[in-house]
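> One structure is given below, represented as structure tokens, and several questions about it will come after.
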Amino acid sequence: MAHEYTNEIKCPYCDYEFSDSWEFNDSDECSEVDCPECGKEFALTVNIKIDYSTEKISCKDQTPPIPHEWDEPTFHDIDQEVIDRWNKEHWNAISDREPYRMWTRECKNCDVSEFKRVELGGDCPFIDEEK
Ligand SMILES: [Zn+2]
Ligand SMILES: [Zn+2]
């Protein structure tokens, strides 16, 4: 009645389940444990699995902060035609929306992007920060 890869230590004789198994996590690789239920000794092996996850943080959160390295800005024109189509597709769309141009740029080093709304045909509004 051996038990393998259980979340809690289980006695192989009586199936008693320990509720504080973590207390054994830094015991030697293989140790002998007394079952508090049936009193028998059994061999315990602790299998510890470690995972790592990473994700980018904003350049501004680096120590010290570094300037974003912006990609070439791109824009989308939200002209009258697009607004008319939105109004047709979504009955609850805001019908008095003015046409505009949306500029976007993304940082090559982190996942931050910037959006700025200007009038239709407007120039790129982004100003590069001091390097
Ligand atoms: Zn037991
Ligand atoms: Zn950045």
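The values are calculated or read from the model by the stated rules, or taken from the named source; none is laboratory data. Here the structure is a predicted model, which is why all the values come from computation and not from measurement. Please note: Cβ atoms are built from the backbone with ideal geometry, for glycine as well, and neighbour counts cover all protein chains shown.
> Only strands (runs of 3 or more DSSP E) wholly contained in region 30-131 count here; list those with 2 or more residues that are under 30 Å from GLU8 (Cα atoms) and at pLDDT below 90.
Where strands (runs of 3 or more DSSP E) fall fully within region 30-131 and carry at least 2 residues being under 30 Å from GLU8 (Cα atoms) and at pLDDT below 90, they are 30-34.
> Turning to a different aspect of this structure: Do we find a residue being in a helix (DSSP H, G or I), of a type outside the set (Ser, Thr, Tyr) and exposed (fewer than 13 other Cβ atoms within 10 Å of the Cβ) anywhere in region 10-22?
yes
> Being more than 30 Å from the chain's Cα centre (by Cα) and without any contact (Cβ under 8 Å) to a residue 24 or more places away in the chain is the filter here, so list the residues in region 27-56 that pass it.
Filtering region 27-56 down to residues more than 30 Å from the chain's Cα centre (by Cα) leaves 27-45.
Hits for region 27-56 are SER27, ASP28, GLU29, CYS30, SER31, GLU32, ASP34, PRO36, GLY39, GLU41, ALA43, THR45.
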